[in-house]
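Undergrad: Below you'll find the structure I mean.
The values are calculated or read from the model by the stated rules, or taken from the named source; none is laboratory data. Because the structure is predicted, anything quoted here is derived from the model rather than measured. Backbone-built Cβ (ideal geometry, glycine too); neighbour counts: all protein chains shown.
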Amino acid sequence: MSGETGAGRWTEVVVDLGAIAHNVEWLRRRVAPAALWAVVKADAYGHGDVAVARRALAAGAQGLCVALVEEGTRLRLAGLQAPVLVLSPQPAEQVEQALKASLTLTVHAVDQVLDIERVARRLGLSDVPVQVKIDTGMHRVGAPPELACAIVDAVTGAAPAVRLDGVFTHFACADDPGHELTSRQIAAFDAAVATLGGAGTHGVRRHLGNSAAALARPDAHADLVRVGIALYGIEPGPGVAHLCGELRPALTLRSRVSMAKRVGAGEGVSYGWRSVLERPTVVATVPLGYADGVPRRLAFTGGEVLIGGRRRRILGVVTMDQLMVDCGDDEVAVGDEVILLGRQGDEVVRPEEWAERLGTIPYEIVCGISARVPRRWVGADQ
Ligand SMILES: *Cc1c(COP(=O)(O)O)cnc(C)c1O
């Protein structure tokens, strides 16, 4: 994502790459001897994939995970050479692009293996890595455990240009450490891997865990963990919040006051006049809105921003490009800094707070900061 397109705009995302490095190093120590692979899908959860991937690798991440072939290709075009795993099967039409970019594809069916074999031969490639996804209870993608063996047989038999690089599964409830499903998924995965015999062990990466499992389930670290949300210093869920103490949030969403004025008692603010002022109030306008990723209804859930080191209530509906803030009797000037997410003085607003207000998860908040907000990276060489 280029920060240049919006250069000079008052609204921006600032990503602290020093925080990313700190989080990688702290998480690596927790999961060692397992490796950490950084999940940088969806533009690194809105943080900027190339910058985050580069910093995470420098801090000791040993591989990268993406959701799309296009996302993996972007990392290669930027010159990154670490292993890149595409986490779920992709359309057959994209296999060629994936192989040309040296991405590791995920398969969960024999015909996917054969598609890759055909393309590999056509391109004159050999030793093409694939990973087999096993569904142990999430029921999203993955082979049923009893079919894992047939897929691995296809890789080692019918597809000589293809090499088995890994077998993995994904937890449905790892953010709830009390949930009994996780232990059942671990057992189902171990049983499926056991059916593979030697083919499933020699040089084959076994992995199960996301951030929540990396934090809460040392028994599921296996050869590596696929860490996304924790990399960004965000809690995977309230159930594992007590394990996240040393993670540092990396993202700040900031803007500046574009207009400040006193509005009289009895006047309404924003579309529909859903907020009517009880007394004369200084109203600050801030140039970002729902097209930038601030949900329209944040105001009605008590949403607040930081100006002058203090929490201030959003007034009325958030509009597409602007929102208004209640500054009481305080003097506020055009150009004053506004923090939507992040720290100002002693106050902090986190994506976890928005998520709680809006009845969602912080993943959706940071992924929802739209592409039109310029990204800027700081702390590159700390
Ligand atoms: C997105 C994803 C992850 C990362 O999950 P976090 O909770 O962000 O750590 C890991 N594995 C798979 C298969 C995923 O889709």
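Undergrad: Report the residue count in the range 176-208 for those that are part of a loop (DSSP other than H, G, I, E, B) and either of a type in the set (Ser, Thr, Tyr) or free of Cβ contacts under 8 Å to residues at least 40 places away in the same chain (or both).
TA: Adding up the residues that qualify gives 6.
Undergrad: Filter the range 50-70 down to the residues that are more than 13 Å from the ligand (Cβ to nearest atom) and closer than 21 Å to ALA371 by Cβ and list them by number.
TA: Scanning the range 50-70 gives VAL50, ALA51, ALA53, ARG54, ARG55, VAL69, GLU70.
Undergrad: Among the residues of the range 202-239, which ones are closer than 16 Å to HIS170 by Cβ and in contact with an Asp or Glu (Cβ under 7 Å, 6 or more places away or on another chain)?
TA: Passing the criteria: ARG205, ARG206, HIS207, ALA212, PRO236, GLY237.
Undergrad: If a residue has to be over 17 Å from GLY237 (Cα atoms) and either within 12 Å of the ligand (Cβ to nearest atom) or outside the structural domain of PRO129 (by TED's automatic domain parsing) (or both) to count, how many in the range 168-188 make the cut?
TA: 2
Undergrad: Related question: Test each condition in (1) over 30 Å from ARG55 (Cα atoms); (2) among the aliphatic types (A, V, I, L, M); (3) part of a strand (DSSP E or B) for VAL318 and report the one that comes out false.
TA: (3)
Undergrad: Something else: Wholly within the range 1-88, which helices (runs of 4 or more DSSP H) include no fewer than the required count, namely at least 2 residues that are among the small types (Gly, Ala, Ser)?
TA: Fully inside the range 1-88 and qualifying: 17-31, 41-45, 49-58.
Undergrad: So is ARG372 under 21 Å from TRP10 (Cα atoms) and of a type in the set (Lys, Arg) or not?
TA: yes
Undergrad: Further question on the same structure: Check GLU93 against each of (1) without any contact (Cβ under 8 Å) to a residue 60 or more places away in the chain; (2) within 12 Å of the ligand (Cβ to nearest atom) and name the one condition it does not meet.
TA: (2)
Undergrad: Tell me, yes or no, whether the range 211-222 has at least one residue that is crowded, with 24+ Cβ neighbours inside 10 Å and assigned to a loop (DSSP other than H, G, I, E, B).
TA: The answer is no, given that none of the residues of the range 211-222 is crowded, with 24+ Cβ neighbours inside 10 Å and assigned to a loop (DSSP other than H, G, I, E, B).
Undergrad: Within the range 248-302, track down each residue that is in contact (Cβ under 8 Å) with a residue 60 or more places away in the chain, assigned to a loop (DSSP other than H, G, I, E, B) and under 17 Å from LEU358 (Cβ atoms).
TA: Within the range 248-302, LEU288, GLY293, PRO295 meet the criteria.
Undergrad: Something else about it: Return the residues of the range 221-259 that are of a type in the set (A, V, I, L, M, F, W, C), closer than 14 Å to THR182 by Cβ and within 12 Å of the ligand (Cβ to nearest atom); say none if nothing qualifies.
TA: Within the range 221-259, VAL225, VAL240 meet the criteria.
Undergrad: Does the range 167-175 contain at least one residue that is in a loop (DSSP other than H, G, I, E, B), more than 25 Å from GLY228 (Cβ to Cβ) and not small (Gly, Ala, Ser)?
TA: no
Undergrad: Considering the range 346-382 alone, what residues qualify as being surrounded by 14 or more Cβ atoms within 10 Å (Cβ to Cβ), assigned to a loop (DSSP other than H, G, I, E, B) and not small (Gly, Ala, Ser)?
TA: Within the range 346-382, ARG350, THR360, ILE361, ILE369, ARG372, VAL373, PRO374 qualify.
Undergrad: Can you find a residue in the range 71-83 that is assigned by TED's automatic domain parsing to the domain that holds PRO144, within 16 Å of the ligand (Cβ to nearest atom) and within 14 Å of the chain's Cα centre (by Cα)?
TA: There is at least one residue in the range 71-83 that is assigned by TED's automatic domain parsing to the domain that holds PRO144, within 16 Å of the ligand (Cβ to nearest atom) and within 14 Å of the chain's Cα centre (by Cα).
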